[in-house]
Amino acid sequence: MKGIIALVSAILVVIVLFIGKYMFPDVDGIIQTQVKNINATFVQVKTDPDIMDARSYRDGDTKGIVLEYRYSKRASEREFDPDDLKKNLVEGLKEENVADIVNLGIYFVVIYKNYKNQEIFKFTIKAEDLKA
């Protein structure tokens, strides 16, 4: 009888671990991985002469990932359409298949700054934006 109880207990532990891993994903781990991958990608973006700096980081203790771009002096003097930039970024994220990530409640905050590190504009991209 003790052997059956031990076997059932072991099976229950395996089931709970399986459900915990696949039914309740590690959102913190996903965010950390995404920030790391995005920063690695930004190394390539820095070759753009209009962008002085690009980085990503977590939005405090929330489920947000901040994408921050700082334009060069020349680019800072141009007029930008925030709606166009958001539309282009949403299309790029759709191509990257980030739907699984945002369906977990993770969102992106995009900040554009001028060369003096002053915020030009800011917007948020959530799951609703990627489904439209």
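Couple of notes before you dig in:
- Taking the criterion of being modelled with pLDDT of 80 or more and loosely packed, with under 11 Cβ neighbours inside 10 Å, the only residue of region 37-60 that qualifies is 60.
- Some residue of region 103-121 being part of a strand (DSSP E or B), among the charged types (D, E, K, R) and either in contact with a Phe, Trp or Tyr (Cβ under 7 Å, 6 or more places away or on another chain) or closer than 22 Å to residue 58 by Cα (or both): yes
- Residue match in region 67-83 (condition: buried (at least 16 other Cβ atoms within 10 Å of the Cβ), within 26 Å of residue 131 (Cβ to Cβ) and hydrophobic (A, V, I, L, M, F, W, C)): yes
- Of all residues in region 71-92, exactly one satisfies the criterion of being touching a strand residue (DSSP E or B) at 6+ places or on another chain (Cβ under 6 Å), in a helix (DSSP H, G or I) and within 14 Å of residue 113 (Cα to Cα), namely 82.
- Some residue of region 92-101 being free of Cβ contacts under 8 Å to residues at least 24 places away in the same chain and either farther than 16 Å from residue 34 by Cα or in contact with a Leu (Cβ under 6 Å, 6 or more places away or on another chain) (or both): no
The values are calculated or read from the model by the stated rules, or taken from the named source; none is laboratory data. As the structure is a prediction and not an experimental result, all values here were calculated from the model. Neighbour counts run over all protein chains shown; Cβ positions are idealised from the backbone, glycine included.
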